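To keep things clear, I will list the structure first and then write my remarks on it.
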Amino acid sequence: MAAAGAGIFVTFEGGEGAGKSTQLGLLGARLRTQGKGVVETREPGGPIRSLLVQGDRAWMPMTEALLHFAARAEHLAETVLPALEDGSWVLCDRFADSTMAYQGYAQGLGRGPVEKLYELVVGRLRPHLTLILDIPVELGLDRAIRRDVRETRYERMGQDFHEKLRDAFRDIARREPERCVVINADQPVEDVHEAVWAAVRRRLTVA
Ligand SMILES: Nc1ncnc2c1ncn2[C@@H]1O[C@H](COP(=O)(O)OP(=O)(O)O)[C@@H](O)[C@H]1O
Ligand SMILES: [Mg+2]
């Protein structure tokens, strides 16, 4: 099973400042011009978000993974599943691959615990398509500085951490080539968008 209902579930993944939010907005706008129903959303959401993206608390990796999946449980029930049931395109800025990359790989929790939490919280649902925006670490962090000044907890985790993250996302893509497409995000916004659009057209015949 891919996703619930008749909708299409697309996730955007990658490191800080790769251009996920920018590209999600552009894809959403393009789909809407075609008359598609689109829901744009992001993770982590709700009140748990601030615990994870602000401040500098050093959670245990397991605690951090549990917080992400707790927020995800709410997000799935409140937003993602209803929209998919309605037949909408759901464009999600980060999803479970981020927990796998950040906590599973970069923070050392391992793949096993994250896979177990996925099964427990998400079950058999999988994104139809995951776009992994890939960019050299320094360039992404340089771009990220231009965003929300309070949401810097992950940005401040250091070069090594971010190199591990980049490798992690590439490994995830290698393991699931049917679901994931790696996009070179070190290009002008419009060129990245065309690469995103090409991947959507190639992978999702309904576009
Ligand atoms: N291809 C690009 N080239 C140059 N700047 C970009 C590009 N894509 C996004 N940006 C800018 O970089 C910053 C981070 O982009 P954003 O989409 O917020 O990244 P993310 O959501 O992956 O962290 C924003 O200021 C955005 O306008
Ligand atoms: Mg963003």
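The values are calculated or read from the model by the stated rules, or taken from the named source; none is laboratory data. Every value quoted in this text rests on a predicted model; they were computed, and no experiment measured them. Cβ: placed from backbone, ideal geometry, glycine included. Neighbour counts: every protein chain shown.
Quick look at the numbers
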read-out	value
The lone exception for Ala71 - which of (1) at pLDDT below 95; (2) among the small types (Gly, Ala, Ser); (3) touching a helix residue (DSSP H, G or I) at 6+ places or on another chain (Cβ under 6 Å) it fails	(1)
Answer from Glu78, Glu43 - the residue that is farther than 22 Å from Val149 by Cβ and either at pLDDT 95 or above or hydrophobic (A, V, I, L, M, F, W, C) (or both)	Glu78
Breaking point among (1) in contact with a strand residue (DSSP E or B) (Cβ under 9 Å, 6 or more places away or on another chain); (2) in contact (Cβ under 8 Å) with a residue 40 or more places away in the chain; (3) surrounded by 17 or more Cβ atoms within 10 Å (Cβ to Cβ), for His75	(2)
Some residue of segment 81-97 being small (Gly, Ala, Ser), over 19 Å from Thr205 (Cα atoms) and either within 16 Å of ligand 2 (Cβ to nearest atom) or out of contact with any Cys (no Cβ under 9 Å at 6 or more places or on another chain) (or both)	yes
Any hit, segment 153-176, residues being within 16 Å of ligand 2 (Cβ to nearest atom) and among the β-branched types (Val, Ile, Thr)	no
Filtered residues of segment 27-55 (kept if within 13 Å of ligand 2 (Cβ to nearest atom) and either touching a Gly at 6+ places or on another chain (Cβ under 6 Å) or among the aliphatic types (A, V, I, L, M) (or both))	Glu40, Val53
Single condition Val38 does not satisfy, out of (1) among the aliphatic types (A, V, I, L, M); (2) closer than 30 Å to Gly108 by Cα; (3) within 17 Å of the chain's Cα centre (by Cα)	(2)
Hits in segment 117-135 - residues which are in contact (Cβ under 8 Å) with a residue 12 or more places away in the chain and away from ligand 1 (no atom under 12 Å from the Cβ)	Leu117, Tyr118, Leu120, Val121, Val122, Arg124, Leu125, Arg126, Pro127, His128, Leu129, Thr130
Single unsatisfied condition, Gly123 versus (1) assigned to a loop (DSSP other than H, G, I, E, B); (2) closer than 29 Å to Val192 by Cα; (3) of a type outside the set (Lys, Arg); (4) at pLDDT 95 or above	(2)
Qualifying position, being over 19 Å from Arg126 (Cα atoms), at pLDDT 95 or above and of a type in the set (Val, Ile, Thr), among Val181, Val189, Val200	Val189
